[in-house]
Amino acid sequence: METRALANKAIQQVKLVRFRDGSSCSDDDDVSVEEPLEISISAFEEGSNTIKNISVTMRTPGHDTELAAGFLFTEGIIDRASHIRRIQHVVGTCDRNSSNRILVELNPGVVPRLQNADRNFYTTSSCGVCGKGSIEAIKTVSIFRCQANEPIEIALDTLYLLSERLRSSQNNFSATGGIHAAAIFDLQGRLVALREDVGRHNALDKLIGYALLGEMLPLKCHILLLSGRASFELIQKAAMAGAKLVVAIGAPSSLAISTAVEFNITLLGFLRGHSFNIYHAGDYFTLKDPE
C-alpha cells in the first residue's frame, strides 16, 4: 500500500511564567500539539470517482495514516484493510501544506457505508440515546460479532506490570503530561504497539488502524490497555476490533460496562500497581495467581 505520511511533531515548545511560593520566573515548556485533521474518502460510484469529506477530528499530528484507517474501520465505513487502495496527505485549496488533510482511496468495487459516517451514528438507531439501541447497532456492523472466543489466561504479575510499562513507553506524555495513550500487549505483557494523542478516541483509532493495516485483527488474544477512563465509545471501538480483554487505568462508565457485557469483553478498571477492579469477566477469562 502506498502512503506519503508526513513527519509531524507531536510536541511544541512554548514560553510561560512559572509561579512557585510567591515568586515567578520565565521558562520554556513542552505542550502537546493539537491540530485538525480532515479525513476524506475517494470511491468509484456509477462509473465515476467521487470524493467525500467524512470527518474533521482534532488530533495530535503523527500516525495520520493509521488514524484514518482506524477511524473508517471502527465507524463501520469499511470492513478490512483490503478495501483501501492508498492513503495519502493532500493539499487543499486554502492550505499552506498538506499536513492536515488526508485522503483514503478505496479499491474499485468497494462501496463505503456512508450512512455510518457520523461519529455518533450508533445512537441514532434507537429512540434518542437510550443505550440498548446503541449497542445493538454495533452488532450490525462489526465483522467480529460472531467470532469464537479463545481461552485467555492472564497472570496477576503480568497485570501488575502493565501500568508502569505503559507509562515508561509514553514518550509524549513524559514530555507534556497532557496526552492519552492506547496500547496493545501480548498475553505475557510484552508491548506490541502504543499510540498517543490528545484525544483518547484518536489514540485508539491510531492503534486499531495499525492493527488493521498490519493484518493483526481481531485482537481477541491480546490485552488492550487504555491510559485513562473507559467510555462507551472506546469499548465500542474495542468491540469493532474484536478485542476480548480491555484494561483501563481509570474508571469505566455504566454504558461501557453494559457494552462489555453484551460483547463478552472482559473489562478491568482502576489498574494501579497491585490493584484493579473487574467490572465484567468473560466466561473464557482466567486469572492465574503468582507462583
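The values are calculated or read from the model by the stated rules, or taken from the named source; none is laboratory data. Because the structure is predicted, anything quoted here is derived from the model rather than measured. Cβ sites come from the backbone with ideal geometry, for glycine too, and all protein chains shown count toward neighbours. Ligands, DNA and RNA are excluded from the accessible area calculation, which covers all protein heavy atoms including side chains. Shrake-Rupley method; radii C 1.70, N 1.55, O 1.52, S 1.80 Å.
Taking the Cβ-Cβ separation of D30 and R167 as r and a Förster radius of 22 Å, what is the calculated FRET efficiency to the nearest 0.05?
0.85
Starting from the Cα of S253, step 7 Å along the direction of its Cβ; do the same at Q188; then give the gap between the two resulting points in nm.
Roughly 3.8 nm, to one decimal.
Do any of K139/K237; K206/K237; K9/K52; K139/K244; K139/K206 go past 18 Å between their Cα atoms, and which?
K9/K52; K139/K206
FRET efficiency for Q13 and R272, Cβ-Cβ distance as r, R0 = 25 Å, nearest 0.05?
My answer for the efficiency is 0.20.
For an R0 of 25 angstrom, estimate the FRET efficiency from the Cβ-Cβ distance between R86 and M58 and round to the nearest 0.05.
After rounding, the FRET efficiency stands at 0.50.
Not counting ligands, DNA or RNA, and with a 1.4 Å probe, what is I11's accessible surface area in Å² rounded to the nearest 10?
50
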